[in-house]
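Presented below is the structure to which this report refers.
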Amino acid sequence: MASLELLGFGSTGWGALLIFAALMTLAVTATALAIGAVLGAIVAGAKLSGNPFFVALGNVYTTVFRGVPELLIIYLIYFGGSSAVTSIGKAMGYEGFLGLPSFAAGALAVGIISGAYQAEVFRGAFLAISKGELEAASAIGMHRAMRFRRIIMPQVLRLAIPGLGNVWQLSLKDSALISVTGLAELMRTSQVAAGSTRQYFLFFIAGGCLYLILTSLSDRIFNGAERRANRSMPASAMGQA
């Protein structure tokens, strides 16, 4: 009964705070995925450009941010960024510490990491497009912008959905590392609740269950999006994709 009270929504319960923290985790992850989508599209374009300089830059980005531990990147963005902002403030005559907002710093850090993975997802999706379609579009006189809008972008998005689902799940788990910045997301709130009540097993299990609920719902959403995107495709074409 005591456990139910602690997980409930009464005056002594942590249920409302845990639900709010789960929503905060979703907000951070969604923001990070959006940031990563922009960065990933730019990096994928660089790697597909054929220009040696841009290809090298894209390779450096994906190698570094897929190879460096996620926690280190969060530390660099949050603490390093706060130090840089404080130094700028001092140069402008402001005395005192200026910290980056936890949400913005965390979403940016996870978004940068996500961008490295999304770049490879977009690049692989582009390479999976039938060359015959692109050649046919050129043959009928489609200019580059129209070819991108009508053929490349819709197909890349369709083919990228499974990979983006995996990136979303990775970002959802990486968001737990943002707890080091003090943001009250799911991991941080679970830690605070466990420390306050000394019920570590209870609240970490509860936090884990909420993460599983979020990942399960995410799987259903991405699977539904994939089915919807492929509903007009013949079964043979989907098998080849």
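Between residue 136 and residue 230, the distance separating the two model label sites (each 7 Å from Cα on the Cα→Cβ line) works out to 2.1 nm. Angle of helix 200-229 to the longest C-alpha principal axis of the chain, folded into 0 to 90 degrees and rounded to 10: 20°.
Just check the range 2-240 against the gyration tensor rule for me: Cα atoms, a ≥ b ≥ c as the square roots of the eigenvalues, rounded for a/c under 1.5, and otherwise prolate or oblate depending on whether a/b exceeds b/c.
Numbers: a/c = 3.09, a/b = 1.49, b/c = 2.08.
Verdict is oblate for the range 2-240.
When the Gaussian network model of the chain links Cα atoms closer than 10 Å, the mean-square fluctuations of 86, 31, 12 top out at 12. Whole-Hz Karplus values for the range 113-128 come out as 5, 4, x, 5, 6, 5, 4, 6, 5, 5, 5, x, 5, 5, 5, 7 Hz, taken residue by residue from phi with 6.51 cos²θ - 1.76 cosθ + 1.60 and θ = phi - 60°; glycine and proline positions read x. Neighbours of residue 119, meaning other residues whose beta-carbon lies under 13 angstrom from its beta-carbon, give a summed charge of +2 when Lys and Arg score +1 and Asp and Glu score -1. Between the helical axis of 15-48 and the longest alpha-carbon principal axis of the chain there is an angle of about 30 degrees.
Using only Cα atoms, figure out Rg for the range 108-191 and give it as a multiple of 2.2 N^0.38 Å.
Details: Rg = 18.3 Å, N = 84, 2.2 N^0.38 = 11.8 Å.
The reported ratio for this selection is 1.55.
Each part reduced to its alpha carbon centroid, the range 22-49 and the range 179-231 end up 20 Å apart. A straight Cα-to-Cα reach below 26 Å connects residue 131 with the lysines 47, residues fewer than 8 places away in its own chain not being considered. Against the chain, whose longest principal axis comes from its Cα atoms, helix 81-91 is set at around 80 degrees. Simple point charges give the picture: +1 on the Cβ of Lys and Arg, -1 on the Cβ of Asp and Glu, and for the range 2-240 a dipole about the Cα centre of about 720 debye.
How much length is gained on full extension from residue 51 to residue 94, taking 0.36 nm per residue of separation minus their Cα-Cα distance? Don't skip to the answer; put the middle values down first.
Numbers: separation 43, 0.36 × 43 = 15.48 nm, distance 4.42 nm.
Stretched fully, the residue 51-residue 94 segment lengthens by 11.1 nm.
Across 216, 102, 196, mean-square fluctuation computed from a Gaussian network of the chain (C-alpha pairs under 10 Å connected) peaks at 196.
Throughout, read-outs are computed from the coordinates displayed, never taken from laboratory work. Remember, it's a predicted structure, so these values are computed and weren't measured experimentally. Cβ atoms come from the backbone with ideal geometry, glycine included; neighbour counts cover every protein chain shown.
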